[in-house]
Amino acid sequence: MTMERLLCMKGGMGETSYAKNSILQRKAIMKVKTLLDENLLKLMMLKKTSNGCWKIADLGCSSGPNTLISISNIMEIIHKSSLKLNHKKLVFQIYLNDLFENDFNNIFKLLPDFHQSMQGENFGACYMNATPGSFYGRLFPNYYIDIFHSSYCVHWLSQGLVEEAKLDLFNIPIYHPTIEEVEQIIKAEGSFIIKTLKTFKIGWDANLQEDMNDYVVDRKMRGVFISKYHRALLESLLIAEFGENIMDELFSRFAKLIQLFIELKSPDLMNIVLFMTKNS
Ligand SMILES: C[S@@+](CC[C@H](N)C(=O)[O-])C[C@H]1O[C@@H](n2cnc3c(N)ncnc32)[C@H](O)[C@@H]1O
């Protein structure tokens with residue numbers, strides 16, 4: 001089976017779904033909002049879209065509320081800036097991209113509420129589109145999209161065939177580059193100008209304690225939390241290699257190991273935030 005069919009996050013709204021286990025990713029989206037704000041305002045001062053229509057693509061949108069949070073953040077910022085800049089009424093064309101196996105239906109079910117919340121703000125028209133396919137291939141015509149957004153996606157290496165099922169051959173197809181590697185490759189390739197390139201850290205447990213004023217989040221809860229979001233991310237890949245039967249046991253053991261590990265260390269995830277414009 002090709003890797004692209006296995007990479008998708010766990011769909012639906014169940015206990016182990018990506019939708020219910022993506023708080024960490026949501027925190028990252030909210031953390032970069034200020035940077036997005038600054039950069040988009042600068043972009044809007046330079047650029048006028050034809051007929052006030054902004055075409056925005058979210059690459060690797062997955063299935064769950066995070067997708068619509070990123071998109072509504074971008075729409076809000078553009079709306080706010082256009083009021084400041086006296087631009088005419090806005091129109092948004094939104095393209096939600098992910099791999100073919102992604103649970104797009106789950107996102108579609110959230111759309112009526114999303115449209116309603118945006119209407120109240122006098123945002124103008126917003127047309128939603130799904131764009132299934134790999135972002136390593138061509139998804140849109142040349143010069144079509146004004147803004148590409150992508151969060152927690154480009155570390156997935158999604159080409160090639162899965163190796164034979166042998167534990168010592170199994171590799172998770174993820175690569176975490178350093179900030180220097182990112183900078184070097186973008187400069188060498190030459191199509192984009194880097195406007196912002198920064199890093200920030202989030203604890204593996206998404207700094208859960210910050211949100212819980214009423215009770216203490218103990219190590220066991222943190223272990224279970226970390227194990228659950230790894231399951232939502234990786235289960236499809238692991239099932240293809242090792243079968244479904246071992247998943248409960250695997251992630252319950254993983255939670256216990258994590259619990260022991262975080263007794264010794266407070267591990268962080270290093271995140272890279274990158275904002276770039278096309279080199280014209
Ligand atoms: C960890 S999720 C992030 C989802 C969402 N952006 C967020 O921040 O919560 C990564 C998503 O990237 C998608 N993905 C990975 N490789 C892809 C590719 N080549 N083309 C399109 N989507 C891809 C996966 O299917 C998955 O839904």
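The values are calculated or read from the model by the stated rules, or taken from the named source; none is laboratory data. These numbers come from a predicted model, not from an experiment. Neighbour counts run over all protein chains shown; Cβ positions are idealised from the backbone, glycine included.
A quick yes/no check of all residues on (1) touching a Lys or Arg at 6+ places or on another chain (Cβ under 7 Å); (2) β-branched (Val, Ile, Thr); (3) more than 30 Å from ILE193 (Cα to Cα):
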{"position": "ASN213", "(1), (2), (3)": "no, no, yes"}
{"position": "ILE226", "(1), (2), (3)": "no, yes, yes"}
{"position": "GLU235", "(1), (2), (3)": "yes, no, yes"}
{"position": "PHE242", "(1), (2), (3)": "no, no, yes"}
{"position": "MET270", "(1), (2), (3)": "yes, no, no"}
{"position": "PHE275", "(1), (2), (3)": "yes, no, no"}
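Scan segment 177-187 and tell me whether some residue there is more than 14 Å from VAL273 (Cα to Cα) and in contact with a strand residue (DSSP E or B) (Cβ under 9 Å, 6 or more places away or on another chain). Yes: one or more hits.
Any idea which residue in segment 117-137 is modelled with the lowest pLDDT, counting only those that are over 26 Å from VAL273 (Cβ atoms) and part of a loop (DSSP other than H, G, I, E, B)? In this case the residue turns out to be GLY120.
For the condition at pLDDT 95 or above and assigned to a helix (DSSP H, G or I), ARG222 does not qualify.
Six or more apart or on different chains, Cβ atoms under 9 Å: show the pairs whose first residue is in segment 134-148 and in contact (Cβ under 8 Å) with a residue 24 or more places away in the chain and whose second is part of a loop (DSSP other than H, G, I, E, B) and among the aromatic types (Phe, Trp, Tyr). Note: pairs meeting the criteria are SER134/PHE100; PHE148/PHE135. Checked against the criterion of being more than 13 Å from the ligand (Cβ to nearest atom) and assigned to a helix (DSSP H, G or I), the candidates PHE114, PHE92 yield just one match: PHE114. Flag: LEU59 matches the condition of being touching a residue at least 60 places away in the same chain (Cβ under 8 Å), within 30 Å of LEU233 (Cα to Cα) and within 10 Å of the ligand (Cβ to nearest atom). For beta carbons closer than 6 Å, sequence separation of 6+ or different chains, a first residue in segment 252-278 that is in contact (Cβ under 8 Å) with a residue 40 or more places away in the chain and a second that is outside any strand (DSSP E or B) and surrounded by fewer than 12 Cβ atoms within 10 Å (Cβ to Cβ), there are no qualifying pairs.
Every condition in (1) β-branched (Val, Ile, Thr); (2) within 23 Å of ASN279 (Cα to Cα); (3) modelled with pLDDT of 90 or more is met by VAL154 except one, and the failing one is (3). If you go through segment 212-258 and keep only what is surrounded by 14 or more Cβ atoms within 10 Å (Cβ to Cβ) and acidic (Asp, Glu), you end up with GLU235, GLU241. Within segment 125-142, the set of residues being surrounded by 19 or more Cβ atoms within 10 Å (Cβ to Cβ) and away from the ligand (no atom under 11 Å from the Cβ) comprises CYS126 only.
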